[in-house]
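Since the structure comes first, as structure tokens, the remarks are kept for the end.
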Amino acid sequence: MERSQEEPLRTEAHITVRDLTLAYEGYTVLKDLTFTIDRGDIFIIMGGNGCGKSTLLKIMTGLKPPVKGQVFYDDISFWDAGPSERNGILRRVGILYQRNALWSSMTLAENVALPLEEYTGLDRRQIAEIVSLKLALVGLAGFETYYPSGISGGMQKRAALARAMALDPEILFFDEPSAGLDPVNARLLDDLILELSDSLKTTVVVITHDLASIFAIGKTSIFLDSETKTLLAAGNPGRLLEDSPDPKVRAFLTRGHLDET
Amino acid sequence: MKVHNERTAPPGTVSLSSPDVGVVLVRLSGAWKKDLELPSADGVMDRVLERPDTRLVAFEHTGLDAWDSSLLTFLVHLRNRCVLAGVRVETEGLPHGVVRLLMLASESKRAKGLPGEAVEASVLTSIGERAFNFARYFSHVLEFTAEACTAFLRLFEGKARYRRTDLGLLIYECGAQALPIVSLISVLVGLILAFVGVVQLKMFGAQIYIANLVGIAMTREMGAMMTAIIMMGRTGAAFATQLGTMEANEEIDALKTLGISPMEFLVMPRMLALILMMPLLCVYADVVGILGGAFVGVGMFDLPANLYYEQTLAALKLKHFAIGVVKSVFFAVLIATSGCFHGMQTDRSASAVGYAATRAVVVGIVLIVVTDGIFAVITSFLGI
């Protein structure tokens with residue numbers, strides 16, 4: 001999808017991860033990780049099961065402190081910042097969780113409205129308008145009064161995306177967005193991510209090992225490896241497939257069919 | 001999204017002009033951010049319609065700075081009003097991203113089969129609904145009880161499928177692990193009974209009968225009753241939560257598809273563990289409660305210890321213990337049934353599990369007290 005002419009892509013660092021070491025239940029899973037996510041990019045974090053993708057997301061979104069190293073949002077070091085500054089950063093971030101994490105006792109409208117009620121001074125009518133807009137953007141217009149348990153998995157995923165977008169975040173994190181979706185719905189979600197990133201200029205960070213998604217939406221990507229505990233490759237996924245020198249990366253991007261590349 | 005100059009930019013404004021007859025040009029400028037004071041779509045629309053013969057609304061955005069959802073909701077609202085007024089809207093003059101998002105939002109199809117406006121149900125309808133719901137609930141209870149009985153029959157035949165280690169663990173959880181809280185509550189109940197009694201009996205110089213009062217009250221009533229209420233809150237609620245979470249995680253479906261009856265595998269061991277442990281806990285509570293009473297009688301009101309002991313032995317008969325123990329078995333069945341039944345009936349959500357636990361405890365405690373009342377009537381009728 002082409003970027004609009006009127007607002008050229010700025011290549012400036014939005015998130016910088018520097019010398020990050022992360023551990024899961026006492027075991028080091030990744031060490032000395034350094035990479036940069038540009039503003040407006042669609043950045044893919046890929047890697048096999050258990051390579052620390054989800055732990056990395058938890059550290060980047062403030063749910064878990066790193067063993068060592070720093071995460072910068074613009075120029076602010078997240079883990080060195082005070083609580084109020086951290087909250088300020090997190091309000092500019094939206095997260096789509098792997099299992100949607102919609103609050104089951106609230107309707108879809110209430111799910112999307114909660115962040116707005118907590119963090120903006122808007123009145124109820126304005127909130128209701130924004131909620132309807134967000135639900136319409138993800139194709140769920142008219143489902144305001146439904147409960148998460150009453151809609152399908154794909155719709156829950158999109159509702160969760162509407163909630164993640166409630167505060168107009170500058171950065172959207174997606175944890176395994178295609179998990180539990182059929183190929184058609186996964187493709188629709190990919191298109192939606194592209195469309196939203198393109199029109200809102202949101203920085204999108206996607207954690208996934210779904211190859212179709214990786215090639216469909218990824219502009220930049222990094223490949224994490226659990227054996228060497230490092231970042232094995234970085235770059236455009238299509239280009240990595242063509243000329244990554246690392247056999248592991250090519251095996252991953254070809255589902256193990258190395259000879260077909 | 002533009003973010004750099006949002007702090008310096010003035011709040012969004014709208015100015016209208018008419019470059020042509022029947023055309024209104026809406027010029028957007030400033031920053032359109034949720035936190036800022038922004039013009040309302042209705043206000044702008046009223047001004048648009050004030051102009052005679054408005055046929056077309058167009059936009060211009062050269063002065064527009066940062067924008068977010070507030071601009072989108074403004075435009076959606078404006079567009080809806082225009083459609084109602086029969087005015088055409090030309091979105092070409094809007095920023096590219098805004099046009100795309102407006103298209104995305106209007107492409108989305110309305111939900112099919114939407115629930116209509118909530119209809120106020122009449123009193124009769126709601127009474128009827130409640131009655132039907134209760135009947136359904138009651139038939140589920142009956143079904144559950146029947147299945148539990150079948151599971152126990154299969155246990156006696158030696159055919160029931162369950163894990164012995166699970167049963168052992170449950171017995172430990174329902175028995176040994178409950179001892180501290182049962183001890184605490186029983187000793188306090190014994191103390192309270194003794195205090196209440198001694199004040200009254202002292203007026204007649206009959207303090208020694210405190211031993212009878214505490215002994216009989218603990219063994220016949222309070223030992224079984226207090227243990228049951230503790231166990232309902234502690235173990236019954238735990239059963240409901242465990243089974244409810246398993247239902248929510250589809251673990252119970254997984255058992256069923258393997259051909260394993262969740263009744264035999266999950267419910268029956270829980271019932272059995274409680275039925276085995278409750279009488280023991282009840283006798284234990286009786287003894288601890290009597291000791292609590294003795295502490296008040298001997299320690300605080302100076303009754304001779306040997307006299308108190310003799311008096312207690314004389315007052316207590318085996319039937320008192322037996323009534324308490326029999327009741328505790330009934331209570332065990334009620335606790336396990338209420339806990340497991342409400343757990344198994346859970347919907348698949350996190351809040352449903354909490355609701356199941358609450359219902360299990362409320363229903364369980366009501367049933368325990370009602371059953372105790374029935375026992376009181378029967379024993380007095382039989383003269384025991």
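The values are calculated or read from the model by the stated rules, or taken from the named source; none is laboratory data. Since this is a predicted model, take the numbers as computed values, not measurements. A quick note on method: Cβ atoms are made from the backbone with ideal geometry, for glycine too, and the neighbour counts reach across all protein chains shown.
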Problem - Some residue of region B:372-380 being hydroxyl-bearing (Ser, Thr, Tyr) and more than 14 Å from chain A (Cβ to nearest Cβ) - result: yes
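Can you say whether A:Asp41 is under 21 Å from A:Ile222 (Cα atoms), in the same structural domain as A:Leu231 (by TED's automatic domain parsing), loosely packed, with under 15 Cβ neighbours inside 10 Å and in contact with a strand residue (DSSP E or B) (Cβ under 7 Å, 6 or more places away or on another chain), as far as the supplied structure shows?
It is false that A:Asp41 is under 21 Å from A:Ile222 (Cα atoms), in the same structural domain as A:Leu231 (by TED's automatic domain parsing), loosely packed, with under 15 Cβ neighbours inside 10 Å and in contact with a strand residue (DSSP E or B) (Cβ under 7 Å, 6 or more places away or on another chain).
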Fill in the blank from the handout: Taking region A:193-223 and keeping residues within 19 Å of B:Arg100 (Cα to Cα) and over 13 Å from the mean Cα position of the chain (by Cα) leaves A:Glu195, A:Asp198, A:Ser199, A:Leu200, A:Lys201
Handout entry: Test: residue in region B:310-326 that is closer than 26 Å to B:Val370 by Cβ and crowded, with 22+ Cβ neighbours inside 10 Å
Key = yes
Handout entry: Residue tally, condition at the interface with chain B (Cβ under 8 Å from one of its Cβ atoms), touching a residue at least 12 places away in the same chain (Cβ under 8 Å) and part of a loop (DSSP other than H, G, I, E, B), over region A:127-146
Key = 6
Practice task
Might you check whether a residue that is under 32 Å from the mean Cα position of the chain (by Cα) and either closer than 30 Å to B:Thr312 by Cβ or of a type in the set (A, V, I, L, M) (or both) occurs anywhere in region B:189-206?
Solution key: yes
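If you check A:Leu231 against the conditions, is it out of contact with any Phe, Trp or Tyr (no Cβ under 9 Å at 6 or more places or on another chain), of a type in the set (A, V, I, L, M, F, W, C) and within 30 Å of A:Arg92 (Cβ to Cβ)? Give the derivation first.
On the way: out of contact with any Phe, Trp or Tyr (no Cβ under 9 Å at 6 or more places or on another chain): no; of a type in the set (A, V, I, L, M, F, W, C): yes; within 30 Å of A:Arg92 (Cβ to Cβ): yes.
When the stated conditions are applied, A:Leu231 does not pass them.
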Practice task
Report whether or not A:Thr220 is farther than 23 Å from A:Leu241 by Cα and either at pLDDT 90 or above or not assigned by TED's automatic domain parsing to the domain that holds A:Arg250 (or both).
Solution key: no
Completion exercise
Flagged in region A:182-197 as crowded, with 20+ Cβ neighbours inside 10 Å and within 14 Å of chain B (Cβ to nearest Cβ), in numbering order, are A:Leu189, A:Ile193, A:Leu196, A:Ser197
Practice task
Look through A:Leu33, A:Leu102, A:Leu56 and report the one residue that is of a type in the set (A, V, I, L, M, F, W, C), surrounded by 14 or more Cβ atoms within 10 Å (Cβ to Cβ) and either within 13 Å of chain B (Cβ to nearest Cβ) or over 28 Å from A:Pro237 (Cα atoms) (or both).
Solution key: A:Leu102
Problem - Subset of region A:62-88 [surrounded by fewer than 19 Cβ atoms within 10 Å (Cβ to Cβ) and either within 14 Å of chain B (Cβ to nearest Cβ) or within 13 Å of the chain's Cα centre (by Cα) (or both)] - result: A:Asp74, A:Asp75, A:Ile76, A:Gly88
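Starting from residues that are more than 9 Å from chain B (Cβ to nearest Cβ) and in a loop (DSSP other than H, G, I, E, B), keep the ones in region A:162-181 and report whichever is farthest from A:Ile151 (Cα to Cα). Show your work before the answer.
In the first step, residues of region A:162-181 are kept if they are more than 9 Å from chain B (Cβ to nearest Cβ); the result is A:162-164, A:171-181.
This time we only want the ones that are in a loop (DSSP other than H, G, I, E, B), so: A:176-181.
Working: A:Glu176: 20, A:Pro177: 17, A:Ser178: 17, A:Ala179: 17, A:Gly180: 14, A:Leu181: 13 Å.
By that ranking, first place goes to A:Glu176.
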